[in-house]
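These notes are about the structure you will find just below.
A short reminder: the numbers here are calculations on the coordinates, not readings from a lab. Computed from a prediction, not measured in an experiment: that's the story for all the values here. Neighbour counts run over all protein chains shown; Cβ positions are idealised from the backbone, glycine included.
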Amino acid sequence: MDAVILAAGLGTRLRPQTLTTPKPMLLVQGRPILDWIVGALPPQVDRLFVVTHHLREQVAEYLSRQAKFSHALEVFQSTPRGTGDAIISCLGHLRSENVLVLNGDDLFGATDIKNLASEGPGVLCHPVDEPEKFGIAFPGIDGNLESLVEKPKITGTHLANTGAYFFPLSVLQQPLELSPRGEYEITDFVTKAIGQGPVRLVSAKFWYPIGNQEALDGAQTLDLSLCKS
């Protein structure tokens, strides 16, 4: 199975560190964030693609020395135009029937990722108490995903989209239109998947987004045993 990790962002909220180190290569407990994500990938993944842009050489060097995958390729996104465009840049390499896609700056539980990749299309979700800060997944009456809404103005506990997806390759091969902000959005692939059939909401036991310095500092003392496959 092919897996794609999205690691092309500028990491602006973690400057000045990310001026010299790409965000996925910042250290958490002595290991790059990217290495924790790679370590959480399930056994059925045998080909890894990491989309890069900012300070790409450091990610490429990491991939050349990691030992988990014999097939690990950096895919350069020359002009970043959104997360959907990052996936589009990989299409010439992908060949598995289903593709696992993960954000490159969050920590994920290994069992959660394994569950996500065990069946049909799905989005990994985790409950949050501040839904206005996240993309929120809304279930339909059948319990499957009905829609994703970015930072809705609602309160209470809701399911956040963690940025981990399991897509049929046939969905990723469909064309996208530019969003109002001038980017190609990965959430549009999710909408296309919903149009083809049920998209599972997979519950995550562990998810830790690293969006700013406070979160990065907090990650240094977490119990990350669930991140190991």
Quick check on the exposure proxy: order 90, 125, 227 from fewest to most C-beta atoms within 10 angstrom.
90, 227, 125
Per residue of segment 66-74, in order, report the coupling 6.51 cos²θ - 1.76 cosθ + 1.60 (Karplus, θ = phi - 60°) as ³J(HN,Hα) in whole Hz, putting x for Gly and Pro.
5, 10, 6, 10, 6, 10, 9, 10, 7
Would you calculate the convex hull of the Cα atoms in the chain and tell me its volume per residue in Å³?
124 Å³
Pairs 133/192; 153/205; 205/228; 133/205; 23/228; 23/133: which exceed 22 Å Cα-Cα?
133/192; 153/205
If each K or R counts +1 and each D or E counts -1, the residues other than residue 157 whose Cβ falls under 15 Å of its Cβ total -2
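Please report 129, 85 as a ranked list, fewest other C-beta atoms within 10 angstrom at the top and most at the bottom.
129, 85
Would you calculate a helix-derived [θ] at 222 nm for the chain, using -39,500 (n - 2.57) for each DSSP H run of n ≥ 4 and dividing by the full residue count, to the nearest 500?
The helix-only estimate for the chain comes to -6000 deg cm²/dmol at 222 nm.
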What whole number of Å gives the distance from the Cα centroid of segment 1-40 to the Cα centroid of segment 85-141?
17 Å
Residue 91 label point, 7 Å along Cα→Cβ, cut-off 18 Å on backbone N: hits in segment 34-66?
49-52
Considering the chain as a Gaussian network with a 10 Å cut-off on Cα pairs, which listed residue, 100, 116, 55, attains the greatest mean-square fluctuation?
55
Can you run phi through the Karplus equation (6.51, -1.76, 1.60; θ = phi - 60°) for segment 123-140 and list ³J(HN,Hα) in whole Hz, with x for Gly and Pro?
10, 7, 10, 9, x, 9, 9, 10, x, 5, 9, 9, x, 10, 9, 10, x, x
What ranking of 133, 23 emerges when the number of other C-beta atoms within 10 Å of each C-beta is taken as an exposure proxy, fewest first?
133, 23
If amide H atoms are built 1.01 Å from N in the plane of the peptide, which residues on other chains or at least 5 residues away come under 5 Å of the amide H of residue 107?
208, 210
Taking the Cα centre of segment 2-221 as the origin, how large is its charge dipole in debye, to the nearest 20, when only Lys and Arg (+1) and Asp and Glu (-1) carry charge on their Cβ atoms?
300 debye
Identify, among 64, 141, 115, the residue whose Cα sits farthest towards the positive end of the charge dipole of segment 2-221, taking +1 on the Cβ of Lys and Arg and -1 on the Cβ of Asp and Glu, with the dipole about the Cα centre.
64
Segment 215-223 - phi-based ³J(HN,Hα) in whole Hz, Karplus 6.51/-1.76/1.60, Gly and Pro as x
5, 5, 5, x, 5, 5, 10, 6, 7
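Please compute the contact order of the chain in relative form: average sequence separation of alpha-carbon pairs under 8 Å and at least six residues apart, divided by the residue count, as a percent. Let's see the in-between values first.
On the way: 486 pairs, mean separation 57.7, N = 229.
After rounding, I find 25 percent.
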Once the piece of chain linking residue 220 and residue 66 is laid out straight, how much longer is it, given 0.36 nm per residue of separation minus the C-alpha distance between them?
53.3 nm
